[in-house]
Each structure stands twice: as C-alpha cells, then as structure tokens.
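Read-outs: derived from the displayed coordinates by stated rules, not from any lab. Everything quoted here is computed from the prediction, not taken from an experiment. Virtual Cβ from ideal backbone geometry, glycine too; neighbours counted across all protein chains shown.
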Amino acid sequence: MEISNLTKKRIKDYLEAGKRFDGRGLLDHRKLTIETGISINAEGSARVRLGKTEVVAGVKMDVSEPYTDHEGEGTMITTLELLPLSSEEFDYGPPKIDAIEIARIVDRGIRESKMIDFEKLCIKEGEKVWTLFIDMYTMNDDGNLLDASALAAIAALMTARMPKYDEEKEKVSFGEFTKDPLPITKNIPLTFTFHKIGKSIILDPGREEEAASEARVSIAVSSDGKETRVNAMQKGNEAAIKPEEMFEIIDLAEKKYKESSKEIFEMIEKSLKTKK
Amino acid sequence: MIAKQETEEPVEEFGQEDEERKEKRELVIPGEVIATGNEYLPGDWAKREGQDIIALRFGLADKSGRLIKIIPLSGTYMPRKGNVVIGKVLDITFNGWIMDIDAPYASFLPLSECSKFVNKNDLSECYDIGDMLAVKVLGVKRKGIDLTARGKNLGKLEEGMIIRINSNKVPRVIGKEGSMINLIKKESNCDITVGQNGIIWIRGEKVEDELFAEKAILFVTEKSFIEGLTEKTKVWLEEAKNHPKDIKEDKTEKKKAKESK
Amino acid sequence: MAYTKRPDGRKFDELREIKAKVGVIPRADGSAMFAFGDTIAIAAVYGPKPLHPQHLQNPEKGVLRVNYDMLSFSVNERKKPGPSRRSQEISKVTEWALAPALQINNFQNTVVDVHITILQANASTRCAGINAASLALAHAGIPMIDLVSAVSIGKIDDKIVTDLIKEEEDYEDGEGATDIPFAFLSKSGEITLMQLDGRTSTKKLKEAIEAGRKACKEIYDIQKKVLKEIQEK
C-alpha cells in the first residue's frame with residue numbers, strides 16, 4: 001500500500017517538530033553495515049544495509065577495445081536492477097528510468113572523482129584495455145536505494161582484485177585472480193541524498209518518508225585529503241528548491257562527508273580483513 | 001475503539017499461563033502430521049489426509065478438543081466477514097470506491113455503504129483518493145471483498161499516523177477482550193484503531209504521544225512469543241513514562257539543531 | 001581411469017554443507033536463503049495478491065508465477081543482466097516443481113509471485129533455488145500439502161554422485177558427466193522436477209532416482225529444522 005494523504009501530512013508535522021517516526025535525527029542515517037567479498041566469483045563484491053534497505057554490488061572485468069577518443073584508458077559500465085525480489089512495486093522488464101537514473105548518478109560520482117585511474121587499466125594503447133562492469137542489485141527496498149547502491153559500488157571496487165590475464169591468448173582467465181587491487185586513487189566519492197519534505201530537509205529517508213519527498217538532491221563528494229570536491233549532483237522529484245535551501249544542502253553534504261568518510265572507509269577496510 | 005472479530009471465536013492470547021493450552025501449541029510446517037485418528041476434525045488451515053490431520057500452513061497447531069487448527073504466524077492478511085480493517089482509497093468509480101486493504105482480493109466500498117451523505121455527482125467530496133478509512137468486511141467472494149463504512153467508529157480517519165504490523169500479530173496487540181490495546185491507549189493518551197489487516201491508526205494530541213503509542217505497539221509485536229506479555233508491557237510502559245529520555249528524543253537538543261540550520 | 005574420488009573429497013552420496021535461513025528479505029511476504037556449499041540462492045514470495053492485468057487471472061484457482069535469474073557476478077564470466085533462454089526455462093520448470101505442493105484453489109484471481117536470485121554459483125543453482133523457494137513459500141504462509149526438496153544428481157563416468165559441483169559438471173573423461181536435477185515431495189516421494197543432460201543407461205538412471213530421493217529426504221529434514229527454528233517474523 002502506498003503512502004496516504006494522512007501519513008504524508010503527519011510526516012511533515014513530525015519533521016517540523018524535529019522528529020521522525022523511528023526516533024532518528026533529521027540528518028542521521030539508519031544503522032549501516034558493509035560486507036565485502038560476498039560473492040566469490042566476482043572480482044569484487046559488497047553488501048550494504050542501511051536499516052532494512054539492502055543492496056548488493058559486484059565488479060566483473062573483461063578486456064576489449066578502447067573508445068576511439070580515449071585510446072589509452074580502460075572503460076567502465078555501471079548498471080542497476082530494481083529486483084522484483086526487493087519490492088512488490090518492481091516489475092520485470094528492461095530497466096526503467098528509476099533504475100537508469102540511480103546507475104547513472106553512481107557512475108558519474110565514480111568517474112568524475114577519478115577514483116579509478118583508467119590509464120592504469122590500459123593493456124595496449126589503442127588495442128586492448130580492461131573494462132570494468134559494476135552491477136548493482138536491490139535486495140530489499142526500505143527507502144534510499146540510491147545512497148545504499150552508491151556505497152555498495154565503491155565498497156566492491158575498493159576490495160576488488162584484478163583477474164589473471166593470459167598475455168599469449170590475449171584473454172582473461174576467468175575464475176583465476178591475482179592479488180592486485182584495482183588502480184584506485186584517494187578520491188573516493190560518497191553520495192548523500194537529501195530530501196525536502198515541507199520545510200524540512202532530511203537524510204536517508206525510510207520508505208514512507210521517501211514517498212512523501214517533494215524534492216531530492218543527491219551529491220557525490222570526494223576528497224584527496226586536502227580539498228573536498230563535489231563530483232556529481234542530481235536534483236530530482238517535482239518540487240522546486242530555493243537557492244538558500246540548495247546552499248544549505250551543499251554545506252550539509254560537505255559536512256556529512258567530513259563527519260562520516262573516515263568511519264565508512266574504515267568499515268570497508270575492516271570487512272576485507274575479516275574475510276582473509 | 002477496539003477492532004473486534006465479531007463472527008470469530010474469542011480472541012486468544014498467546015503464551016497464556018494455562019499450561020494445558022501451551023502444550024497444545026507446537027510450531028508446525030506445511031504437510032506435517034499433527035494428529036492421527038478419525039475423532040479429530042480439521043479446522044482453519046488443516047486438512048484430513050487418510051487417518052491423519054495435516055497442517056496446510058506454517059504456524060502454531062492448536063489442538064483444543066477434537067478441532068485442530070493452525071494459527072498462522074506469517075503471511076498476508078486473509079479477510080473474514082466482520083473484520084474491521086483500515087484501508088486506502090485507490091480509485092473512485094461511478095458507484096463507489098475501490099479500496100486497498102492489503103488483502104489478496106480487490107475490495108470495494110459501494111456508494112450505499114458510505115457513512116455520510118454522498119453527492120452522487122462527486123463522490124470525492126465524501127472520500128477522496130489517498131484517504132484512509134476504517135471499514136468493515138461485509139463479505140468475501142471470488143470477485144472481491146465488499147466493505148461498509150457504516151457503523152460505530154467507521155469512516156474517514158483524520159489526522160494521526162498509520163503504522164503497519166504483521167496482521168497475524170493483531171490478536172496479540174488487541175489482547176484478551178482488548179486488555180492490551182486499552183492499556184496502550186490509556187498510557188499514551190491516544191485514540192487507536194487496530195485493523196485486522198495489520199494497519200493501525202494512532203491519533204494523539206502531541207507528536208510524542210503518538211510516537212510513544214507506536215513504540216508500545218512495536219514492543220508487543222516484537223515480543224509476541226513471550227508469556228505474561230501484558231504484565232511485561234505494563235512494566236515497560238511504566239519505565240518508559242518515568243524515563244522519557246530513553247525512548248523519546250531530547251527536545252532541547254533537537255530545537256538547538258533546528259535553530260542552527 | 002575410472003572416477004574414484006571427488007574434487008572436494010566428499011563421498012559419492014554426500015551433500016555439500018547446507019546453510020539456510022528464513023526471513024532474509026523483510027519487505028517480502030516470505031523469503032529464504034538456501035546454499036549448497038558455494039551455491040547461494042535467495043527466494044522471495046509476494047502474495048497471494050490480486051493479479052493484474054485481469055486477462056491473466058484464473059477464475060478457478062490462484063496462479064503461481066516463478067522467475068529465476070542469476071546476478072551478473074554470480075559466475076566466473078559475467079552474465080549479461082536480463083533474462084536468458086536458460087533462465088526462462090528454469091523459471092518454468094521451477095514453477096512446475098513447486099505447483100504440486102501448493103493448495104491455492106481457493107485463491108481465485110490471485111497470484112503468488114516467487115522470485116529466485118542466484119547470488120553465487122557453483123552448479124545446482126536451480127535446485128538451491130527450489131529449496132529456497134519452498135522455504136519462502138512456507139514462510140509466506142502459502143497453503144501447501146508438503147515442502148519441495150531438490151538436488152542435482154550426476155553420473156560422472158560410471159558413478160552416481162549426489163550434489164554436483166561445477167568441476168564435476170565439466171568432467172570429460174570416460175563417460176563424461178550427466179547432470180540430472182530432481183525435486184521431490186517428501187511424504188509421497190513423488191517427483192516434481194526431473195531433467196537430464198548427458199548419456200546414461202536406463203539402469204543407472206533408476207539408480208539416480210533412488211539417490212535423488214535419499215538426498216532430498218536429508219534436505220527436507222534441514223528445511224523443516226530451519227522453519228521450526230523461527231521464533232518470530
């Protein structure tokens with residue numbers, strides 16, 4: 001059953017009183033868990049839970065020809081499926097705009113932050129490069145699939161190992177892995193999606209809050225240790241946002257990145273160690 | 001207002017102190033043999049297979065006397081005549097409202113069963129799409145479920161909040177003769193309507209009161225397997241009221257945070 | 001050289017370590033995870049619920065719909081997202097494997113949707129999927145007269161083995177590998193799934209059926225235990 005007028009109104013009332021149904025602060029996220037290496041045939045994989053929302057992501061690699069305008073760089077393809085498993089509202093069929101949008105936002109964050117050094121994924125300039133496939137799948141929808149997906153994707157990338165490459169046959173030996181990680185830089189993006197409901201701005205909405213959302217802004221932020229940078233943004237849903245509100249959101253994104261990046265990256269590092 | 005199952009056997013409480021009762025309630029899986037012998041009769045979600053009575057559904061096997069039935073613990077709401085449920089208006093036709101009551105079948109509230117005067121040319125004046133209504137199940141047929149909004153405490157729900165629980169836990173939340181829900185209503189100072197379909201409406205004067213009632217209900221549903229739950233809930237409610245900081249938000253902090261934004 | 005030893009050292013009639021858990025997808029009406037060693041399947045059930053569009057409804061009884069698919073990274077060589085002919089066939093035979101257990105005649109015009117996803121694959125994925133679906137259907141409170149249990153039996157060279165792994169499926173020496181997935185209703189011993197891919201005598205085939213039944217009895221006991229251990233949803 002989708003949200004009713006009554007609940008929408010109540011959520012607004014509560015938020016104005018500074019409260020949420022589950023007792024969180026307006027800018028607090030739900031309990032976060034990150035596991036990596038959850039699918040052993042993948043080069044890299046991760047499972048992220050934000051409250052009851054769950055997304056899994058996997059990295060697979062292959063070799064191919066480079067794009068003609070980027071002859072010395074590897075390539076990357078990012079996909080997301082809203083699995084019918086995860087919600088009675090999702091159907092089978094080719095990805096619809098919701099899935100496409102999330103995949104493209106996640107892709108932009110990763111690409112523009114330069115998290116991956118694509119030049120190091122070049123095998124032979126103009127002829128052979130590595131292709132990275134990042135496939136994300138929703139497992140349980142309880143709101144905020146976007147942020148959970150973005151986090152699953154980077155956790156999978158950070159903990160991936162390169163597959164073995166047979167130089168003679170010029171093919172990947174699928175199923176055999178090296179110990180080498182992907183060429184990853186320090187600029188790892190974290191994505192925060194803020195939702196405007198009435199006059200309030202919240203982070204990490206649950207299912208009902210998401211249905212009551214009037215406008216949302218997703219921001220991917222990364223840092224090289226010295227400066228934080230915004231690498232991707234997307235304003236979505238139908239209501240308009242005032243410039244002051246947008247400034248507030250941008251500041252909050254930077255603040256949230258600074259507050260949570262260390263903890264999140266440590267969680268990802270730790271997940272690797274427990275697997276070994 | 002308490003939702004009562006008018007055509008049902010009296011609502012039973014799980015984990016009652018009655019030792020005899022407890023012994024008769026074993027967790028069974030579909031296909032499992034519960035009893036053997038011609039003297040037994042299959043009740044809800046049970047079936048006779050030769051000499052055996054088997055469970056058709058995952059749940060607790062209840063053997064009171066000769067009748068063997070299964071009390072489901074999980075699964076979607078199965079509507080019964082007389083159930084009071086809470087539903088949402090999905091669409092409006094020329095002669096009524098199409099409702100969603102979270103049931104396997106389509107449900108419909110005809111014009112004639114509206115709780116107040118209806119303008120036949122504009123049904124939305126009475127109930128509009130997205131409105132939440134407390135309605136009663138008049139009948140369950142192949143084609144769908146017939147509803148009525150005429151009756152005490154039925155009709156459009158205004159203000160308040162909606163929460164959803166597993167419909168199989170509703171008897172626990174209501175309690176024996178309403179003891180549990182009345183306790184929660186009193187302690188939280190809220191109006192509460194519990195739909196048999198697991199949808200619950202809570203309305204209080206203050207946001208805090210509604211959140212308190214919600215927490216109490218969730219406490220009951222999470223602990224539904226425990227014995228002496230009414231007593232335990234009483235204790236929990238007392239503690240929660242005396243130490244509001246533990247469960248409620250610290251209001252002063254929230255206010256500061258808001259002001260600094 | 002005859003097939004005398006299995007790559008992972010198991011006895012010929014030994015199952016891999018089985019892990020199973022119910023309630024892994026909170027939003028679903030019922031859900032479960034079932035794993036044979038490295039093969040992990042997740043199933044979620046939604047329903048009974050109204051079936052749309054109307055022309056697909058069955059006015060005489062409820063409809064069972066099954067969809068099976070693998071995550072792109074569940075296998076060594078990436079599987080392109082989207083249904084394949086293989087996944088469509090498996091969806092259908094899985095539906096036929098589960099249907100005899102269901103009692104949804106009283107749910108006219110409704111549908112029970114079963115979604116099966118393979119998270120990690122090392123052969124026997126359709127069997128893991130059926131076992132997960134069986135648990136998920138029970139968890140969802142769908143009326144059933146029994147659980148369905150499934151296992152892959154193989155004839156590797158001339159030996160009948162239980163619960164194949166990929167390495168065994170790919171075996172090429174001697175008589176090669178014949179893959180025979182089964183599903184059974186535990187009480188009646190009736191077969192609800194049987195497929196074959198390879199080369200075998202009718203005598204060996206009957207041995208395979210016996211091996212399948214024996215293994216599925218063990219699997220049923222595990223499924224029963226997992227359900228009985230649930231304290232609450």
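The Cα-based radius of gyration and maximum Cα-Cα distance (Dmax) for region B:96-138 are 10.4, 31 Å. Taking all C-alpha pairs of the protein assembly as shown, those more than 54 Å from each other amount to 14 percent. With the helix formula -39500 (n - 2.57) applied to DSSP H stretches of n ≥ 4, the protein assembly as shown reaches a computed 222 nm mean residue ellipticity of -8500 deg cm²/dmol. Computed over region B:19-72, the Cα gyration tensor eigenvalues convert (square root of 5λ each) into semi-axes of 15, 13, 8 Å, ordered from largest to smallest. Shown here for region A:69-109: trypsin sites (Lys or Arg not before Pro) in loop regions (DSSP other than H, G, I, E, B) with at most 12 other Cβ atoms within 10 Å, namely A:LYS96. Placing R0 at 41 angstrom, the Cβ-Cβ distance between B:LYS186 and A:GLU248 gives a FRET efficiency of 0.45 after rounding to 0.05. Restricting everything to alpha-carbon atoms, can you work out Rg to Rh for chain C with a Kirkwood hydrodynamic radius? Expressed as Rg/Rh, it is 0.98.
Taking a label point 7 Å from the Cα of C:ASP170 along the Cα→Cβ vector, which residues of region C:51-80 have an amide N closer than 20 Å to it? From region C:51-80, the list is C:70-80.
Sequence-distant contacts, meaning Cα pairs under 8 Å at least 6 residues apart, place the relative contact order of region A:5-275 at 21 percent.
Of the two radii for region A:114-259, the radius of gyration is 1.08 times the Kirkwood radius, both from the alpha carbons; that is the Rg over Rh value. Taking every residue in A:129-139 and counting other chain Cβ atoms within 10 Å of its Cβ, the average works out to 3.
The Kirkwood hydrodynamic radius of region A:5-275, based on inverse pair distances between different Cα atoms, is 19.4 Å. In plain terms, the residue of C:HIS52, A:HIS70, A:HIS29 with the fewest other Cβ atoms within 10 Å comes first and the most crowded comes last, giving C:HIS52, A:HIS70, A:HIS29.
Across peptide C:79-89, the mean count of Cβ atoms from other chains lying within 10 Å of each residue's own Cβ comes to 2. With kT/(6 pi eta Rh) evaluated at 10 °C and eta = 1.306 mPa s, and Rh the Kirkwood radius from Cα pairs, region B:84-156 diffuses with a coefficient of 134 µm²/s according to Stokes-Einstein. Take the Cα of C:THR202, step 7 Å toward its Cβ, do the same at A:ILE97, and the gap between the two points is 6.2 nm. For region B:151-166, putting each phi into the Karplus relation 6.51 cos²θ - 1.76 cosθ + 1.60 with θ = phi - 60° gives couplings of x, 5, 6, 9, x, 6, 9, 10, 6, x, 10, 10, 10, 10, 10, 4 Hz, in residue order, rounded to whole numbers and with x for Gly and Pro. Every Cα-Cα pair in region A:26-180 was counted, and those over 20 Å apart are 52% of them. Sorted ascending by nearby beta carbons within 10 Å, beginning with the fewest, C:LYS203, B:LYS241, C:LYS61 become C:LYS203, B:LYS241, C:LYS61.
Take each residue of peptide A:78-90, count the partner chain Cβ atoms within 10 Å of its Cβ, and average: the result is 5.
Sorted ascending by nearby beta carbons within 10 Å, beginning with the fewest, A:THR36, C:THR200 become C:THR200, A:THR36. With N counted as the residues of region A:1-97, its alpha-carbon radius of gyration over 2.2 N^0.38 Å works out to 1.59. Averaged over residues, the count of other Cβ atoms within 10 Å places the peptides A:85-95, B:183-193 in the sequence B:183-193, A:85-95, highest first. Here the extension length gained between B:LYS141 and B:VAL118 equals 5.7 nm, from 0.36 nm per residue of separation less the Cα-Cα distance.
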